[in-house]
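The values are calculated or read from the model by the stated rules, or taken from the named source; none is laboratory data. Model, not experiment: these values are computed from the prediction. A quick note on method: Cβ atoms are made from the backbone with ideal geometry, for glycine too, and the neighbour counts reach across all protein chains shown. The accessibility values were calculated without ligands, DNA or RNA, using every heavy atom of the protein model including side chains. Shrake-Rupley method; radii C 1.70, N 1.55, O 1.52, S 1.80 Å.
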Amino acid sequence: IDVSPSSSIEYATNPGKYRILSGLSITSRHRVMSILLESRAPLTELNNRTVALTTASATSVVLLRIILELFQDVIPEYLLYEQGVEDPYDRADAVLTIGDLALKRSLEPRFGHAYDLGELWHQETGLPFVFALWQVNYRKSIDKDLRQLHAGLLQSKDYGMARLKELAHVHSGEFGIPSEMLLNYWRCFSYDLGPQEQKGLLKFY
């Protein structure tokens, strides 16, 4: 792979392997809606209790550990589960779910607390949270193609942001999410990589 949108933790854990395409990210401004921790108890009471972590997102797992271990001074027991395949609710006191499943599924009635990780991060830091970056393999000599791709991505971003309502209506059925909810979800994000996004990214790192 020459270039790909990828988890922001991938960039941090492989220093020198990638360069970043400027001006592009997937960043939650305040809440994120699709990164959800459901819990039997408040965050402060999860010490030594079992928290199930989805294997679907390394960045979300690290973010949750920061929230619990650094912000709340709580050290749980962790277990990994395959989202959409395994049901961890009988084995855990809290469960991390991401993506479309977090958006579409009903909250587990036995778990009385639900937390949006983007919201928890913003409450603590006052900063947005960068979930993904466009990353380029440093070993590839593709500068000419990369300039064309970068220009196309920036144009695509401008096109999409100018037509969010129309796109939500067109693609609602495809995602199985009501158009108004899809629009509200997309509006949670910045797709830029400006000064505030960079501050949030560096704070995470």
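If you build a Gaussian network model of the chain, linking Cα atoms that sit under 10 Å apart, which residue out of VAL85, VAL61, VAL32 swings the most?
Looking only at VAL85, VAL61, VAL32, the largest GNM fluctuation is found for VAL85.
If each of GLU166 and ASN48 carries a label point 7 Å out from its Cα toward its Cβ, how far apart are those two points in nm?
Distance between the two pseudo-spin positions: 5.9 nm.
Hey, what angle do you get for helix 164-175 against the long axis of the chain, alpha-carbon based, 0 to 90 degrees rounded to 10?
Tilt of helix 164-175: around 60 degrees.
Based on the Cβ-Cβ distance from SER22 to ALA58, what FRET efficiency comes out when R0 is 25 Å, to the nearest 0.05? Write down the numbers at each step before the final one.
Details: r = 23 Å, r/R0 = 0.93.
Once the sixth-power term is evaluated, E becomes 0.60.
Can you tell me how much longer the chain between TYR89 and MET181 gets when fully stretched, taken as 0.36 nm per residue apart minus their C-alpha distance, in nm with one decimal? Don't skip to the answer; put the middle values down first.
Values: separation 92, 0.36 × 92 = 33.12 nm, distance 2.59 nm.
That pair, TYR89 and MET181, stretches by 30.5 nm at full extension.
List, in the order given, every pair from LYS17/LYS104; LYS165/LYS199; LYS104/LYS157; LYS157/LYS203; LYS157/LYS199 whose Cα-Cα distance in the structure shown is over 31 Å.
Details: LYS17/LYS104 36 Å; LYS165/LYS199 29 Å; LYS104/LYS157 25 Å; LYS157/LYS203 25 Å; LYS157/LYS199 21 Å.
The pairs that break the limit, which is 31 Å between Cα atoms, are LYS17/LYS104.
When only DSSP loop residues count, what trypsin sites (Lys or Arg not before Pro) in the stretch 147-205 have their Cβ near at most 14 other Cβ atoms within 10 Å? Intermediate values should be presented prior to the final figure.
Details: sites: ARG147, LYS157, ARG163, LYS165, ARG187, LYS199, LYS203; in loops: ARG163, ARG187.
Sparse-neighbourhood loop trypsin sites (Lys or Arg not before Pro): ARG163, ARG187.
Relative contact order, percent, of the stretch 49-129 when contacts are C-alpha pairs under 8 Å separated by at least 6 residues? Could the numbers behind the result be given before it?
Details: 80 pairs, mean separation 29.1, N = 81.
About 36 percent, as a whole number.
Please determine, in degrees from 0 to 90 and to the nearest 10, the orientation of helix 195-204 with respect to the longest principal axis defined by the Cα atoms of the chain, where the helix direction is its Cα long axis.
Tilt relative to the chain: about 40 degrees.
Kindly list the residues of the stretch 6-35 that lie in the label zone of GLN155, defined by a backbone N under 18 Å from the point 7 Å along the Cα-to-C-beta vector.
22-24
Would you mind getting the accessible area per residue of the chain, heavy atoms of the protein chains only, 1.4 Å probe, in Å²?
Values: 10950 Å² over 205 residues.
Per residue, the chain has an accessible area of 53 Å².
Which distance in nm do the two modelled labels at LEU202 and ALA41 give, with both placed 7 Å along the Cα-to-Cβ direction?
Here the answer is 3.8 nm between the modelled labels.
If you roll a 1.4 Å probe over the chain with all protein chains in place, what percent of the accessible area is carbon or sulfur?
On the way: 5490 of 10950 Å².
Answer for the chain is 50 percent, counting heavy atoms of protein chains only.
So what's the Cα pair-distance distribution over the stretch 113-205, bin width 10 Å, in %?
Pairs per bin, as whole percents: 13, 31, 36, 18, 2, 0.
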